[in-house]
1. Tell me, in nm to one decimal, what length is gained between ILE198 and MET129 on full extension, where the rule is 0.36 nm per residue of separation less the Cα-Cα distance?
2. If one computes the Cα centroid of region 131-188 and of region 241-300, what distance in Å separates the two points?
3. Roughly how big is region 16-129's charge dipole about its Cα centre, with Cβ charges of +1 (Lys, Arg) and -1 (Asp, Glu), in debye to the nearest 20?
4. Carbon-plus-sulfur fraction of the accessible area of region 364-435, 1.4 Å probe, in percent?
5. Check cross-link reach from LYS179 to the aspartates and glutamates: straight Cα distance under 15 Å, and skip same-chain residues fewer than eight apart.
6. For the residue pair TYR55 and MET1, what label-to-label distance in nm results when each label sits 7 Å from Cα along the Cα-to-beta-carbon direction?
7. Taking a spot 7 Å from the Cα of ILE40 along the direction of its beta carbon, which residues of region 387-428 have an amide N less than 20 Å from it?
8. What is the spin-label model distance, in nm, from TYR156 to ASN81 if the labels are put 7 Å beyond Cα along the C-beta direction?
Amino acid sequence: MTTLKEKLFEKIQEWRPRTEKLVKEHGDFKIGEVTIAQAIGGMRGVKCLTTDISYLDPNEGIRFRGHTIPDVLAKLPKVKNGDMPAVEGFFYLLLTGDFPTQEEIKEVSDEFNKRQHVPMYVFDVLRAMPRDTHPMTMFSAAVLAMQRESVFIKKYHGGMSKMDYWDPTYEDALNLLAKLPQIAAYIYRMKYRADTIIPPDTSLDMGGNFAHMMGIPKPYDDVARLYFILHSDHESGNVSAHTGHLIASALSDIYYSISGLLDGLAGPLHGLANEEVLRWIQGVMDHMGGKIPTEEEMKKFVWDTLKSGQVVPGYGHAVLRKTDPRYMAQREFCLKHLPDDPIFKYVDMLYKVVPPILEEQGKAKNPWPNVDAQSGVIQWYYGLREYEFYTVLFGIGRALGVCANIIWDRALGYPIERPKSLTTAMLEDLVKQKK
Ligand code: AMX
């Protein structure tokens, strides 16, 4: 057993009594109320999920295992010859809550490398799809095609104690996560680089190997590491994380769950927003004839977007009420590596112009930028100019967080999810009775 798996098992055994005690002794304790607006309005703010992997404070942003993004980036050991931590070390933190040593990171990296071989039929599935298929459809299909590899399902059919569910789920998670960068890079090179596939280099860490297979030189390896870490988790109520958790709650395996989360992530209000942001900014650039607009010109463009009934992509959030720290981490990267890039200058100006306009318009509850307002710019700068691929990168990151969540869901015995629906007439009757 690896140190990671051993440590995880220790943590699981320590944690189980806490969950059991809460349910047994305090199961009736009320933690909130639900209004009609919430029941009709996408369950905003309803406290009905539990996860210890990350917590999203509306004003502070995400904390992974209690640590802010700047803390995580500062405290996790960095890769050799890079400024960013290894994604493998971050996954260790998500699973155990502890910062790993370099040796522990190396062990996880070796595990990933052992498991990175992608079965040939996955490439056959991808090749059978029309080349203009959206890369998210390809990515989701490739993951789903591998469902036959699930260790969990084989063990489940062989008969297994509920207490052991987490173990084959962990095996499935590592097997899948190790393969995602290669599948993503394969889709990219097949679709957009004339089918010139670059084989993996297993001497590299996950981020380094991904940059290598994409064929993009340094510091893109650091971009990949930062990107995967920032996009990993945003507590469990967002569409992709919740979808992954919901599917897994039926004891469907990791392959079904991650394929499903990718489908949710592909929506324009969620993971596709980073693609929309860049398309929109380039629309602004075209409109301005390529020159950097004045603040007044930019304000007019933003108002025109709103008046035409569209949202300003990359701004607003269902939970956050301040600038997203994931936006800030990427902004710092841009200020260091691409301060004079014209698209970054647009993004920078939008940061000044958009929040006061959204405030004045008075609709969006959060006028500040989210993660997607920055991420496409960095990808574009390093030569990844096919916007539709950006959500695939988000998907690799999000899979890390959701896999960690699902392993813990199984360890703590979370049951199948089943919220209750009411009819419109029932809601109307409830209001009448109250009157
Ligand atoms: N531009 C214009 N209007 C906006 C807006 C924006 N960026 N954000 C919210 N609004 C509008 C909503 O459309 C809604 O209008 P309506 O009452 O006419 O339907 C109103 O403000 C209230 O919405 P809200 O409660 O503030 O937001 P929400 O929780 O319903 O939606 C989100 C959140 C992110 C979908 C929304 O802010 C949005 O559409 N933003 C632009 C797309 C985007 O950046 N998505 C990425 C989010 C991060 C991610 O998941 N990757």
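The values are calculated or read from the model by the stated rules, or taken from the named source; none is laboratory data. All values derive from a computational prediction rather than experimental measurement. Cβ atoms come from the backbone with ideal geometry, glycine included; neighbour counts cover every protein chain shown. Note: accessible area is taken over every heavy atom of the protein model, side chains too, but ligands, DNA and RNA are not part of it. Shrake-Rupley method; radii C 1.70, N 1.55, O 1.52, S 1.80 Å.
1. Answer, rounded to one decimal: 22.8 nm.
2. Their Cα centres are 23 Å away from one another.
3. That gives region 16-129 a dipole magnitude of about 200 debye.
4. Using a 1.4 Å probe with all protein chains present, region 364-435 comes out at 58 percent carbon and sulfur.
5. GLU88, ASP110, GLU111, GLU149, GLU171, ASP201, ASP205
6. Label-label distance for TYR55 and MET1, simple model: 2.8 nm.
7. Inside the label zone: 420-428.
8. 4.3
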